[in-house]
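Below is one structure, written out as structure tokens; the observations come after it.
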Amino acid sequence: MNPSYGFQRWVGPAVGLALALVCLYFVTVVYAAGELLLAGTILLVVALAAWVYSSQRLYAYRYLFPGIAAVVIFVVFPILYTVAIGFTNYSTNNLLKFERATAYFLDETYQAEGQTYGFTLLQQGARYRARLEDSDNDKLYLTGPLDLSKAAVDAAAAAKAEHPRVQAEPAASAAAAAAGQPVQIKELIALQPALKALTVALPDGTEVAMTGLRQFGPVKKLYQKEADGSLVNQQNGEVLKPDFEAGFYKRPDGQPVPPGFQVNVGFQHFERIFTDEAFREPFLRIFGWTVVFAGLTVLFAASLGVLLAVLMSWEALRFKGVYQTLLFLPYAVPGFISILVFKGLFNNNFGEINLILDALFGLKPAWFSDPFLAKVMILIVNTWLGYPYMMVVTMGLIKAIPADLYEASAVAGAGPLTNFFRITAPLVLKPLTPLLIAAFAFNFNNFVLISLLTNGRPDFLDTKVPAGTTDILVSYTYRIAFEDSGQDFGLAAAISTVVFAMVALLSWINLRATRITKEEAR
């Protein structure tokens, strides 16, 4: 047996086994970080990979699996993650998991009664030493070299280590002076997080910690955890009990104590969207405008595109290539640049459009402050951005129409309008229908246009949540998630889930329309 053949036989499984072990280690790390859904998704993908690449029956799927895995990780997982967040109270007030929120309280300290010491941080190259001064007894203490680098602090945090405990020894003034140069206040502030994690033990057994930028003193844990899960305040005896419905530890009088923690709230967000007046009323108005915006955009862009395509297909038209190039330019320029250019053109005071209208008719429309005009402006800009694609596609469809039909129509004495409505439009609209539905679904979530042009404004004046007259559902969701003072990610995820369901329905209609078109084409 050829030794090289034996090596080649085992190298593949060995590499696969090594990759599987690396992936399992990664899954363990993700699971330990509390990301159960992500860990489960990765574990599922790894298990499927092991099955596909070790089974001869699934040999054909080995080439498809990378694409399938990418879809699972980058498409399916974000959807599941968003839906899962929609069932929680995840927000700026409830960012942490319950365990981390509890750990936060247990890490809280307070300054206890006792001797305090003046503190100076001395630098020795890349290391530091802490000097503590007992002014009452005229004594100095020095610690050994301290590693306060970010890497050392991160390593301690990753290992969930208790506060590092360092020993301080008595020192003379000369020794303290030779220990290094005092750190300036700016650097001291930067090192404060690492210094606060230190516990310094003095020769008499006293332990002190940082209580101020220039002071160390005795500190104690503020909270102590009881067997029933409640936290007892060591200063005033107050008992905090976790409320797993509200996602907060609460005082005896019911007041929540931040930070809160994440809990499952079921369908609460979905009920708020459709039943709470504060959310339902702007949601329905924005939903209506979203449908109108997407529908009119498709109607205007498709109409203009088809009209220009018919004109560009006119055989007698001279310089056709020049016109086509000029008409295609809006599609060639990046959309966000065109949107910002139009934002300047429509400026109420300095925009060229208002300057021309003022010179011709004495009008200066308030494009950005009047809700109706703002919507008109959005439709104009989006039609400008969308018609070139419709025009190019329609020109291709027109070229596929047999010329015999137009010749027969000409013999029968039909004019251009008759040709358009009896021949061109019916033969173009059928194959164009799936594209129109896809364009409707795209504009349903056209966040970039709204965000760059109006940012959803002008705002409604009668709503309790941030919502604008030109907001569409996706921009409305964004404002709730990232611009509202509370930043309610759970509610935003619930709205995103509803929007996803709508878009999924449109995609299903698209697929149905496509299949029907194919069946009719047969």
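Okay, residues lined up against (1) out of contact with any His (no Cβ under 6 Å at 6 or more places or on another chain); (2) in a loop (DSSP other than H, G, I, E, B); (3) under 26 Å from N264 (Cα atoms):
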site	(1), (2), (3)
L461	yes, yes, no
K464	yes, yes, yes
D471	yes, yes, no
R479	yes, no, yes
A493	yes, no, yes
S496	yes, no, yes
R512	yes, no, no
| task | Name, by its number, the condition in (1) buried (at least 16 other Cβ atoms within 10 Å of the Cβ); (2) touching a residue at least 24 places away in the same chain (Cβ under 8 Å) that does not hold for I79. | result | (1)
| request: List every residue pair whose Cβ atoms sit under 9 Å apart, with the two residues 6 or more apart in sequence or on different chains, where the first one lies in the range 428-449 and is of a type in the set (A, V, I, L, M) and the second, anywhere, is not in a helix (DSSP H, G or I). | output: V428/I401; L449/I472
| field | Criterion (among the aromatic types (F, W, Y) and over 23 Å from V22 (Cβ atoms)) met by exactly one of Y61, Y90, Y53 | value | Y90
| Complete set of residues in the range 55-67 that are open to solvent by 50 Å² or more (accessible area, probe 1.4 Å), under 14 Å from V45 (Cβ atoms) and out of contact with any helix residue (DSSP H, G or I) (no Cβ under 8 Å at 6 or more places or on another chain) | L64, P66
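Of the residues that sit in the range 252-267 and are within 25 Å of the chain's Cα centre (by Cα) and surrounded by fewer than 17 Cβ atoms within 10 Å (Cβ to Cβ), which one is farthest from P242 (Cα to Cα)? Give the steps one after another, and end with the answer.
The initial filter retains those residues of the range 252-267 that are within 25 Å of the chain's Cα centre (by Cα), namely 258-267.
Filter again for surrounded by fewer than 17 Cβ atoms within 10 Å (Cβ to Cβ), leaving 258, 264, 266-267.
Values: P258: 11, N264: 14, G266: 18, F267: 22 Å.
The extreme case among them is F267.
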| message | For the condition open to solvent by less than 40 Å² (accessible area, probe 1.4 Å) and at pLDDT 85 or above, what is the one hit in A501, A441, A414, A493? | response | A493
| field | Pick from the range 202-231, criterion in a strand (DSSP E or B) and within 18 Å of T120 (Cβ to Cβ), ranking: most open to solvent (accessible area, probe 1.4 Å) | value | Q215
| message | Show me the helices (runs of 4 or more DSSP H) entirely contained within the range 282-392 in which 1 or more residues are open to solvent by 70 Å² or more (accessible area, probe 1.4 Å) and among the acidic types (D, E). | response | 352-361
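The values are calculated or read from the model by the stated rules, or taken from the named source; none is laboratory data. Worth saying up front: this structure is predicted, and the values here are computed from it rather than measured. Quick reminder, even Gly has a Cβ in these numbers, built from the backbone with ideal geometry, and neighbours come from all protein chains shown. Surface areas here come from the heavy atoms of the whole protein model, side chains and all, with no ligands, DNA or RNA. Shrake-Rupley method; radii C 1.70, N 1.55, O 1.52, S 1.80 Å.
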